[in-house]
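The values are calculated or read from the model by the stated rules, or taken from the named source; none is laboratory data. As the structure is a prediction and not an experimental result, all values here were calculated from the model. Cβ: placed from backbone, ideal geometry, glycine included. Neighbour counts: every protein chain shown. Surface accessibility is based on the protein's heavy atoms, side chains included, excluding ligands, DNA and RNA. Shrake-Rupley method; radii C 1.70, N 1.55, O 1.52, S 1.80 Å.
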Amino acid sequence: MRYTAGKPDSRTGFTLVELMVVICVVAVLAGVLIPTLGTVSRRSQVLEDVSNLRQLQTAHYQYAIDSNGQFADAGLAHGGLANEQIAWLNLVGAYVDIAGVIRSPLDTSPHWSTPIEGSTDRFRRTSYGWNNYLSRTHSPDAAIDPTSAVDRLSRLKSPARTVHFLHMTATGSFAGADHVHVENWWISDSHPDAAAILASNQVQTNSVSGNAKSKDAISNYGFVDGHVETLPFYEVFMSPDRNRFDPKIAGRSF
């Protein structure tokens, strides 16, 4: 309460200067807190995505045990015909709430509701894809000799080093598929990001952070033994002789 000429002034409230000070303080706090809240929210999404991948890995491992060690398979095409009967998301669905884990909180694809480019009836069905080296129908080894496909636990030497599930690209023809083609990621190019550029047409290599066309792009990867790692692309694929996709060499250290 203010006093004027010895009498109390009944007026109350803030002066203009006081209001300006309050506004400045609020602006400073907002500038500090809003980015922090955004970071916390992003970390929460990344952790939820890791949980989704772990549940998919665990569900598939249980499926394999019940199938005498045999893996499920990829079935959703990246153009052309699909084979829904063998699609892993249908088979694994008996072991997990597939609807609750099939869409990643990191997924920004418009194709859940909008048709894939060049199509009128193909939509995104899953955020996650399958390492085609573990497929009976899409493995490059199986294309040469069907009996050589690493499509079961007994044929896999390093389950903890072999990538199984990953993020499918958000756009393009592979946005509607459930598997990748790792054998297409390499060309004789000295550019350090050459493999990442090719892979980004199939994989959302930067689902966590970074530039999708850079070897430093970071994403979550699920491994056959059930664990999940957040890794830059160069730690899962460097070349045909140094990667964690081909079961024949996945166990080698980079």
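Assorted remarks:
- Counting only the Cα atoms, the range 170-248 fills a convex hull of 95 Å³ per residue.
- 11 Å beta-carbon shell around residue 182, net charge (K/R +1, D/E -1): -1
- With both labels modelled 7 Å from their Cα along Cα-to-Cβ, the residue 81 to residue 39 distance reads 5.3 nm.
- Cβ-Cβ FRET estimate between residue 144 and residue 121, R0 fixed at 51 Å, reported to 0.05: 0.90
- Note on the chain: antiparallel DSSP beta bridges, both residues inside, total approximately 90 percent of the bridges counted.
- Computed accessible area, residue 147, all protein chains, 1.4 angstrom probe, square angstrom: 100
- For the chain, the Cα gyration tensor yields ellipsoid semi-axes of 50, 20, 18 Å (square root of five times each eigenvalue, largest first, whole Å).
- For the range 139-201, the equivalent ellipsoid derived from the Cα gyration tensor has semi-axes of 24, 16, 13 Å, listed largest first.
- The C-alpha atoms of the chain define a longest principal axis, and helix 16-66 lies at about 20 degrees to it.
- Net charge in the neighbourhood of residue 61 (other residues with Cβ under 11 Å of its Cβ; Lys, Arg +1, Asp, Glu -1) is -1.
- When the helices of the chain are scored as -39500 (n - 2.57) per DSSP H run of n ≥ 4 and the total is divided over every residue, the value at 222 nm lands at -9000 deg cm²/dmol.
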